[in-house]
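See below for the structure under consideration.
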Amino acid sequence: MHPSPPPRRSSKRPPASLASLTSLTSLASLREEVVACRACPRLVAWREAAEASRPAGFPPAPYWARPLPGLGDPSARLVLVGLAPAQHGGNRTGRMFTGDRSGDFLFAALHRAGYANQPESVSSDDGLTLSGAYVTAAVRCAPPANRPTPSERDSCAHFLVEELALLSQARAFIALGQFAYESLLRSRALGVAAPMPRPKFAHGLEIDLPGGRTLVCSYHPSQRNVFTGLLTAAMFDAVLSRAASLAAN
C-alpha cells in the first residue's frame, strides 16, 4: 500500500521582504550571466546543434539552446538540485526540467506537496509558479549523453555557489541523483567542505549542514529510473515530505 501524499501547502505567499526583493534582483543578474555563458566549447556546440536533431512530433518553436538559470521562489526554504538540462527538454523550452519526462515526474510531485501551482511543466509560458521551493542544476547546458566532463562540471560550479548563497532562507536541499550530490559537496556550494570520508550516495541519505540546514538525497527522476521502478512516486513523495518538514524548522 502506498503512503498518503504529504499534505498540501498553502499556495499563498507571504509579503515580500526587503531581503527577498534584494535576492530577486541579484538572482535576475545571475540569470543574465548564466544565459550568456559560452565557457565550454563542447557544450555550446551540442546545445546549439540540438534543434537539427529534434525528434518528430515536437512543436516547431525555436530551441532555447542556451544555458539555463534556476527557477522558483527567491525566498524558498527548499532547494532541489538536478544534474543538467535535457537536450530536448530544458534546452528546448528554456526552463529547467520543463518539457521532458523527468520534469513531468518532478513537478507533479511538487504540485502534490503544494509547492507548485500546477502539475505540468510543458513550456516556459505555461503559467507554472513555485512557492517556497526553487529548482536548479549543477550544470547549466545540456551535455552529450547526459554526462558533463569534470572540467565542464567545475567550470559551471561558481553559478551554483552564487545561486545558493543568494537563496539565503533555504533550510533543506534535495540532491537529485549522485552527480548533483557530489557536485554540491565538491563545490562547497552549501558552505561546507565535503565530509571525509564522504558518505556513499543513497536514496534517503541525510547530511547535516551548518546552521541547522540539511541535505537530503534522492534518486534522479530520470525516465530510466522511473520506468525501471528504481524511483517511484511514493518514494519521491516520502523524500519530499521529509525535506519539507526539515525546511519548515
If the chain between ARG198 and ARG38 were fully extended at 0.36 nm per residue, the gain over the current Cα-Cα distance would be 54.4 nm
On the formula 1/(1 + (r/R0)^6), with r taken between the Cβ atoms of THR232 and ALA28 and R0 of 45 Å, the FRET efficiency rounded to 0.05 is 0.75
Dividing the mean separation of Cα pairs under 8 Å (6+ apart) by the residue count of the stretch 37-178 yields a relative contact order in percent of 32 percent
Note on the stretch 134-233: alpha-carbon gyration tensor, axes a ≥ b ≥ c; rule is a/c under 1.5 for rounded, else prolate if a/b larger than b/c, else oblate; result oblate
In nm², the average projected area of the convex hull spanned by the Cα atoms of the chain is 13.4 nm²
Counting sequence-distant residues (5 or more places) and residues on other chains, those with an amide H built under 5 Å from that of LEU209 are THR214, LEU215
Placing one equal point scatterer on each C-alpha of the stretch 39-125 and summing with Debye, one gets log10 I(q)/I(0) at q = 0.18, 0.19, 0.24, 0.25 Å⁻¹ equal to -0.80, -0.88, -1.23, -1.30
For the stretch 143-157, in residue order, the Karplus 3J(HN,Hα) values (coefficients 6.51, -1.76, 1.60; θ = phi - 60°; whole Hz; Gly and Pro = x) are x, x, 6, 6, 10, x, 7, x, 5, 5, 4, 5, 5, 8, 4
Here FRET efficiency (C-beta to C-beta, ALA52 to GLN223, R₀ 22 Å, nearest 0.05) is 0.50
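Every read-out reported here was derived from the displayed coordinates using simple, explicitly stated rules and does not represent laboratory data. Predicted, not measured: the structure shown is a model, and the values here were computed from it. Virtual Cβ from ideal backbone geometry, glycine too; neighbours counted across all protein chains shown.
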